[in-house]
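Chemist: The structure follows.
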Amino acid sequence: MPENPPLLAPPGIALFDLDGTLLAWDCQLLFRHQVVRREPWRGIFLPVYLTFLPLIGLLGIAGLKRIFLSYLWRMDAQTLAEHAKDFADSVMPTIYPEIRQKLEAHRRAGDFLILASASPEFYVAEIGKNLGFDLTLGTVVETDGHLAFFPDLENHKGQAKVDRLRSSLPSSYFEKGKLVRATGYTDSTADLPMLAICDTAVVVNPSQRLTDLAEKSGWEIFRPQRPWKSQLGFFVRVFALLTGLGKDPGGLRNSER
């Protein structure tokens, strides 16, 4: 991934969200499961997160994310990097084939590929590297050698993605406030600010609200198969991912993709 994107505007720009867009899961759950399986003692911090969960309205998403990351307390930078690399390798088989094809089509067209995720950048960067993105941006988590109990972070969500894109890309990549010849990919209405600076969009397994907007705007809609077959199945897997139960509740090793 280049630290400094080329100054000349590319033929096009493809801007991808990660969780729910390139793959079915929220990667924070998958990463937690991997870490807790390898270091079971870290599971003792789950009650801390569950205690604060009802206070999301007061804490906000960023505050709750800091509490969620308490399971990484005192982890050193090298160990975190090793977990991140192994994790990025493990999720590759679960990338939606339909969206991977879109990514490769943009690559063949010479488009500038951007991965913009709200997940922690320490593993998003590794996923971006594996998939060959030109620029990868995620939530920056303060490590300072070892992670704090509630680490400081800059939540890369909603308008924050747009702000970071403006600060990371040359001005030539923008025209009249929008990215030039850009297509945005997401599964979430949280990314509407990001889609607003794109010419068009592709939505993946969208909610009804996002479906209605996509149909009105003429955006492409993809509904790839998710690894759970029911809401109950989804919640059972989420519980297993949170607690570190089961060898592979996320279906990473058993993926047929």
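Chemist: Tilt of helix 208-217 relative to the longest C-alpha principal axis of the chain, in degrees (0 to 90, nearest 10)?
Modeler: Once rounded, one gets 10 degrees.
Chemist: Do the sum for the chain: with -39,500 (n - 2.57) for every DSSP H run of n ≥ 4, divided by all residues, what is the mean residue ellipticity at 222 nm, to the nearest 500 deg cm²/dmol?
Modeler: Roughly -12500 deg cm²/dmol at 222 nm, from the helical runs in the chain.
Chemist: Net charge within 11 Å of ALA62 by Cβ-Cβ distance, Lys/Arg positive one each and Asp/Glu negative one each, not counting ALA62 itself?
Modeler: On the way: positive: LYS65, ARG66, LYS157; negative: ASP152, GLU154.
Around ALA62, the charge tally is +1.
Chemist: Under a point spin-label approximation (7 Å from Cα along Cα-to-Cβ), what is the HIS146-ALA77 distance to one decimal in nm?
Modeler: The answer from the label model is 1.5 nm.
Chemist: Right, something else. Sort out for me the Cα centre separation of the range 128-182 from the range 191-226, rounded to whole Å.
Modeler: That distance is 21 Å.
Chemist: One quarter of the convex hull surface, Cα atoms only: what value does that give for the range 115-162 in nm²?
Modeler: For the range 115-162, averaging the hull's shadow over all directions gives 3.6 nm².
Chemist: Based on the alpha carbon coordinates of the chain, what radius of gyration and maximum Cα-Cα distance (Dmax) apply, in Å?
Modeler: When restricted to Cα atoms, the chain yields Rg and Dmax of 18.1, 52 Å.
Chemist: My understanding is that a pair violates if its Cα-Cα distance is over 24 Å; which of LYS129/LYS229; LYS129/LYS157; LYS85/LYS247; LYS85/LYS178 do that in this structure?
Modeler: LYS129/LYS229; LYS85/LYS178
Chemist: Here's another thing I want to ask about it. Against the longest alpha carbon principal axis of the chain, how many degrees, from 0 to 90 and to the nearest 10, is the axis of helix 77-91 turned?
Modeler: That works out to roughly 70 degrees.
Chemist: Hey, another quick one. How big is the range 25-113 along each principal axis, measuring the range of its Cα positions in Å and listing the largest first?
Modeler: Here the Cα extents, ordered largest to smallest, are 48, 32, 21 Å.
Chemist: Another question, if that's okay. Relative to the Cα centre, what is the charge dipole magnitude of the range 13-243, using +1 at the beta carbon of each Lys and Arg, -1 at the beta carbon of each Asp and Glu, and rounding to the nearest 20 debye?
Modeler: It comes to approximately 400 debye.
Chemist: Grab the other residues whose beta carbon is less than 12 angstrom from that of GLY43, score K and R as +1, D and E as -1, and report the net. Write out the running numbers ahead of the final one.
Modeler: Values: positive: ARG32, ARG37, ARG38, ARG42; negative: GLU39.
Neighbour charge sum, excluding GLY43 itself: +3.
Chemist: Using label points projected 7 Å from each Cα along Cα→Cβ, tell me how many nm separate SER168 and ARG253, to one decimal.
Modeler: With each label placed 7 Å out from Cα toward Cβ, I get 3.3 nm.
Read-outs: derived from the displayed coordinates by stated rules, not from any lab. Note that the coordinates shown come from a computational prediction; the quantities given were computed from them, not determined experimentally. A quick note on method: Cβ atoms are made from the backbone with ideal geometry, for glycine too, and the neighbour counts reach across all protein chains shown.
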